[in-house]
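What follows is a set of notes on a single structure, which appears directly below.
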Amino acid sequence: MIVTGVQTIRSLDLDDLLVLSLLLEGCRAVDIGRYMCLTPPAITHRLNKYKLIFGPSFFDEFPQNTKRKILSGEGRIVAERAKKALRLFICIDDAISVCNFLKIPTQAKK
């Protein structure tokens, strides 16, 4: 079952955006896990979630002994958009930090 539309967006969190961005950069799953302080089963769970959400062709097929997950063409498109979304979240976080530093209210008072 491939999830589509709003369900897809609701199935992903910021960590997923980061994992997808790192996969796009060619990082190995084990290195992503170390960087994010996630256990190997947690990373495997996320990779399986992507196959469930986006379909089995999300990764290119390689021999089972290969530890590197390579995004397919479809996977690269999703990961590129995830990277853009992650950048937007970082910009939002930066804006909030600036507002807090300058003591600018982020919400209009009534």
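Looking only at residues that are touching a residue at least 40 places away in the same chain (Cβ under 8 Å) and over 14 Å from the mean Cα position of the chain (by Cα) in the range 29-63, which one is farthest from Val78 (Cα to Cα)? The residue in question is Leu52. The test for being modelled with pLDDT under 90 and out of contact with any strand residue (DSSP E or B) (no Cβ under 7 Å at 6 or more places or on another chain) does not hold for Arg81. Scanning the range 86-106 for residues that are aliphatic (A, V, I, L, M) and touching a Ser or Thr at 6+ places or on another chain (Cβ under 9 Å) yields Leu86, Ala95, Ile96. Are there any helices (runs of 4 or more DSSP H) wholly within the range 6-62 with 3 or more residues that are among the hydrophobic types (A, V, I, L, M, F, W, C), and if so which? The helices (runs of 4 or more DSSP H) meeting that bar are 14-24, 29-36, 40-54. Scanning the range 71-94 for residues that are over 16 Å from Arg46 (Cβ atoms) and of a type in the set (Val, Ile, Thr) gives Ile77, Ile90, Ile92.
The values are calculated or read from the model by the stated rules, or taken from the named source; none is laboratory data. Given the structure is predicted, the values throughout are model-derived calculations rather than measurements. All Cβ positions, glycine included, derive from the backbone under ideal geometry; neighbour counts span all protein chains shown.
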